[in-house]
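Novice: Handing you this structure, nothing more for now.
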Amino acid sequence: MNGELAQLIALVAHGNYFLTHPEIHSLDLSTNSTFNFVNSLCFALYKNKSETKGTEIASSVADWFTILRQQGVKRLWNIGFQWDHANIAEHIAVAFSGGVPIAVESDSTQDFVLWYPKWTTGGPSGKPWNVEYRGLHFPFSHAIELMELDEVKTRLHLAISQADDFSRHCGLDLSFFADRFTQALNQLDSQKPVMPFNQDLLPECGYGLISRQVLAAAQLAYVFGGMGSWNDLGFPDPDMQKQYESISNILYQALKLAILMASNTFSC
């Protein structure tokens, strides 16, 4: 999965861990792998979507978590919005920073706040990203009802299997992707799943086996991106190209659903 999504999942997962453990006085994610390339970070509240500059309330994850607790926030959610742009497929748009809208929702007894990540370049080499989470108040929740993870896992398994089979029989050397899909399927069935790229993505507790299987598999099967990624493929045969586009969409939608559901299953 891309860096923006991985960081958002880490915020939701570790934030819920902090909010449900009052004995923990501070939780710093500055050394979390999802922040490796981040130069600066801030959380700011905005009055409306047209406002160009918000009011900064925190410049670190630790301070933001503490403020949320003080404000009576009880739960954080990963929010994935419905895609409605006909001119570009969502699995292609994820290659661009901010290409697909996502947010963290913080729920309190008063209202709901969506924190939209905005990533911009400008930092030094090695840490090029400046990240701002822009908060907007809403009178209602954007979180969707959780599905049974067994069903989510089954859908993901089918989608990855289809992509795996296609990558081995499409007439091109796609062994790199085929191996990734096979590894993803292995993680999906593993009794000890390991996050391949962000091993600190989740806290030590709060997520069950299926959630960890799904997220570990999703990290491997999330092959969408820019140059050299699955999105960069093309086939001269129209029927093969149509099959590739169909499988790509099915895989992306299964990954999107699986990541959303698994990351929102925190219970501790």
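The values are calculated or read from the model by the stated rules, or taken from the named source; none is laboratory data. Because the structure is predicted, anything quoted here is derived from the model rather than measured. Ideal geometry is used to build each Cβ from the backbone, glycine not excepted, and the neighbour counts take in all protein chains shown. These accessible areas exclude ligands, DNA and RNA; they are computed on the full protein's heavy atoms, side chains included. Shrake-Rupley method; radii C 1.70, N 1.55, O 1.52, S 1.80 Å.
Novice: Could you give the size of the charge dipole of the chain about its Cα centre, using +1 on the Cβ of each K and R and -1 on the Cβ of each D and E, expressed in debye and rounded to the nearest 20?
Specialist: 500 debye
Novice: Can I ask one more? Near the amide H of Arg75, under 5 Å away, which other amide H atoms are found, from residues 5 or more places off or on another chain, if H is placed in the peptide plane?
Specialist: Asp107
Novice: So between Phe235 and Ile144, what do we pick up on full extension, going 0.36 nm a residue minus the alpha carbon distance?
Specialist: Roughly 29.1 nm would be gained on extension.
Novice: What number, in percent, do you get for the relative contact order of the chain if the mean sequence gap of Cα pairs under 8 Å and at least 6 apart is divided by its residue count?
Specialist: Relative contact order, the chain: 23 percent.
Novice: Right, something else. Counting residues in region 76-206 as N, plug N into 2.2 N^0.38 Å and put the Cα Rg over that result.
Specialist: Cα Rg divided by the expected 2.2 N^0.38 Å: 1.32.
Novice: Loop-only check: which chymotrypsin sites (Phe, Trp or Tyr not before Pro) in region 122-182 are DSSP coil with at most 11 other Cβ within 10 angstrom?
Specialist: Hits after loop and neighbour filter: Phe140.
Novice: If you average the alpha carbon positions of region 24-63 and of region 121-143, how far apart do those two centres end up, in angstrom?
Specialist: 7 Å
Novice: Something else about it: Is there a quick way to get the dipole size of region 42-93? I mean about its Cα centre, with the Cβ of Lys and Arg at +1 and of Asp and Glu at -1; what is the value in debye to the nearest 20?
Specialist: My answer is approximately 260 debye.
Novice: Kindly state, as a whole number, the per residue volume in cubic angstrom of the convex hull around the alpha carbon atoms of region 106-174.
Specialist: 185 Å³
Novice: A follow-up question, please. Considering the zone a paramagnetic label at Ser125 would reach in this model (a point 7 Å from Cα along the Cα-to-Cβ line), which residues of region 34-57 have amide N under 17 Å from it?
Specialist: Once the point is set 7 Å along Cα→Cβ of Ser125, 37-39 turn out to lie under 17 Å by backbone N, inside region 34-57.
Novice: For Met147, what accessible area in Å² do you get when you roll a 1.4 Å probe over the heavy atoms of the protein chains, rounding to the nearest 10?
Specialist: About 60 Å², ignoring ligands and nucleic acids.
Novice: Using 0.36 nm per residue of separation minus the Cα-Cα distance, give me the extension gain between Asp165 and Asn36 in nm, one decimal.
Specialist: So the extension gain works out to 43.0 nm.
Novice: Okay, next question. Report, in deg cm²/dmol and to the nearest 500, the calculated mean residue ellipticity at 222 nm for the chain, where each DSSP H run with n ≥ 4 adds -39500 (n - 2.57) and the sum is divided by the residue count.
Specialist: Mean residue ellipticity at 222 nm (helix-derived): -13000 deg cm²/dmol.
Novice: So which lysines pass the test for Lys192, namely a Cα distance under 20 Å, with those fewer than 8 places away in the same chain ruled out?
Specialist: Straight-line reach from Lys192, under 20 Å: Lys153.
Novice: Now for a separate question. Among Ala221, Pro236, Phe112, whose Cα projects farthest towards the positive end of the dipole of the chain, with charges put on the beta-carbon of Lys, Arg (+1) and Asp, Glu (-1)?
Specialist: With unit charges placed on the Cβ atoms, the residue in question is Phe112.
Novice: Rounded, prolate or oblate: which fits region 1-152 when a ≥ b ≥ c are the square roots of the eigenvalues of the alpha-carbon gyration tensor, with rounded for a/c under 1.5 and prolate only if a/b beats b/c?
Specialist: In terms of gyration-tensor shape, rounded.
Novice: Turning to a different aspect of this structure: What's the FRET efficiency of Ser246 with Asp189 using the Cβ-Cβ distance as r and R₀ = 30 Å, to the nearest 0.05?
Specialist: Step by step, r from the Cβ atoms, then E = 0.75.
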